[in-house]
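Accompanying notes for the structure given below.
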Amino acid sequence: MLNGSPNFLVSFGFTLVGMFFLFFGSIFASSHYRAAAKSVIFSPASEIRFGGDVAPANTNARLILPSTPLLKKQTEFEGKLSARAVVAVDDKTGAILFSKNLNEARPLASLTKLMSAMVLLDLPIHWASTTVVKESDLDGSDHYFQVGEEFTFEDLWNAALVGSSNTAITIILRGNNINMEEFANLMNKKANDLRLFSAHFVEPTGLDANNKANAIDSVKLLKNALLFDKIYKSLQTAEYYAKPLGDKKLKRIWNTDRLLTDWIPNNFSRENIAGKTGYIIDSDYNFVVYLADGKGHSARIAILGAESAEARFTEARDLAEWIFANYLWPDEKGYEALVK
């Protein structure tokens with residue numbers, strides 16, 4: 001026993017030292033984990049688990065947490081909303097900032113043209129080519145075209161999106177030998193591809209009340225349409241001048257978005273407005289619009305089934321102004337105080 005005592009003491013000493021380092025090492029590791037979780041920055045070749053997920057081992061990798069706008073205080077929008085269905089979402093994250101009957105499928109009317117435009121851009125159309133207006137093209141819904149006039153498809157495109165012309169859409173399809181039923185099938189396929197599961201289309205103008213979608217899919221439709229520069233440019237054109245070939249006089253086409261033309265007073269800059277209107281008897285007055293506050297914050301709003309042409313614009317304007325006044329975005333002072 002006496003001969004083994006020194007070895008025993010040495011072993012015991014190493015054990016104590018090991019326990020010491022293990023204890024303080026665990027404290028250090030725990031504090032390091034909390035610091036990493038707080039800063040959400042990973043050191044090279046490390047992995048940290050959050051909610052069962054493992055952050056990838058990657059140099060300077062950063063876990064990006066959702067950063068949605070938050071209400072400054074529990075307050076409600078007190079403006080008038082005659083619309084049957086309404087939704088407002090943060091354009092960046094898609095977070096719902098306000099809603100009313102957002103899942104009720106409604107007739108889209110000319111909001112349909114946003115889908116039509118996307119499908120047209122999938123097709124090999126030569127926009128500089130021309131076609132002649134025929135009697136069968138006219139539906140009496142606008143005064144832009146006369147039988148026998150010749151227009152470029154570019155002019156017809158802008159008449160359809162800027163002036164919301166049903167005739168223009170009809171001429172584009174007829175002038176490119178596009179079957180209406182086949183085109184509707186392409187519209188529904190794209191809606192499915194874009195996961196707009198409430199959306200259904202039977203024709204490209206919006207005159208048929210069976211073209212439907214709910215409010216949340218309507219703002220998703222707008223977001224996807226605005227990804228195309230050609231659509232975005234047209235929806236930001238306050239007035240367009242179409243030129244019939246061989247005619248010296250131009251035809252002025254006003255944008256049906258009265259926020260863009262400032263016929264409905266508002267504080268939004270023209271470059272921060274891009275929307276599309278729609279109306280048939282079955283839908284009442286529709287409007288989907290992208291609006292930004294000029295400080296890097298933006299929202300998309302759908303107003304479906306408003307009581308009047310003017311109401312769809314004032315209701316979208318007032319709701320947007322309330323959102324920008326009552327929500328804080330992650331880059332604004334005081335946002336962190338709202339996050340637990």
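Things worth noting here:
- Condition met for LEU304 (surrounded by 15 or more Cβ atoms within 10 Å (Cβ to Cβ) and part of a loop (DSSP other than H, G, I, E, B)): no
- Every residue from the range 74-90 that is farther than 17 Å from LEU108 by Cα, in a loop (DSSP other than H, G, I, E, B) and charged (D, E, K, R): GLU76, GLU78, LYS80
- Candidate set from the range 223-254 (those that are within 26 Å of the chain's Cα centre (by Cα) and part of a loop (DSSP other than H, G, I, E, B)); member that is farthest from ILE171 (Cα to Cα): LEU227
- Residue in the range 190-213 that is at positive phi and of a type in the set (Lys, Arg) present: yes
- The set of residues in the range 245-254 that are in contact (Cβ under 8 Å) with a residue 12 or more places away in the chain and surrounded by fewer than 21 Cβ atoms within 10 Å (Cβ to Cβ) comprises LEU245, GLY246, ASP247, LYS251, ARG252, TRP254.
- In the range 134-145, the residues that are surrounded by 12 or more Cβ atoms within 10 Å (Cβ to Cβ) reach residues that are of a type in the set (Phe, Trp, Tyr) with C-beta atoms within less than 8 angstrom, at least six apart or across chains, in these pairs: ASP137/PHE145; LEU138/PHE145; PHE145/PHE151.
- Test: residue in the range 117-130 that is surrounded by 21 or more Cβ atoms within 10 Å (Cβ to Cβ) and closer than 21 Å to LYS249 by Cα: no
- Some residue of the range 255-267 being in a strand (DSSP E or B), in contact with a Ser or Thr (Cβ under 9 Å, 6 or more places away or on another chain) and either in contact (Cβ under 8 Å) with a residue 60 or more places away in the chain or in the same structural domain as ALA95 (by TED's automatic domain parsing) (or both): no
- On the stretch given as the range 161-203, residues that are more than 20 Å from LYS223 (Cβ to Cβ) and either touching a Leu at 6+ places or on another chain (Cβ under 7 Å) or surrounded by fewer than 18 Cβ atoms within 10 Å (Cβ to Cβ) (or both) total 16.
The values are calculated or read from the model by the stated rules, or taken from the named source; none is laboratory data. None of these values were measured; they are calculated from a predicted model. Note that each Cβ is placed from the backbone with ideal geometry, even for glycine, and that neighbours are counted across all protein chains shown.
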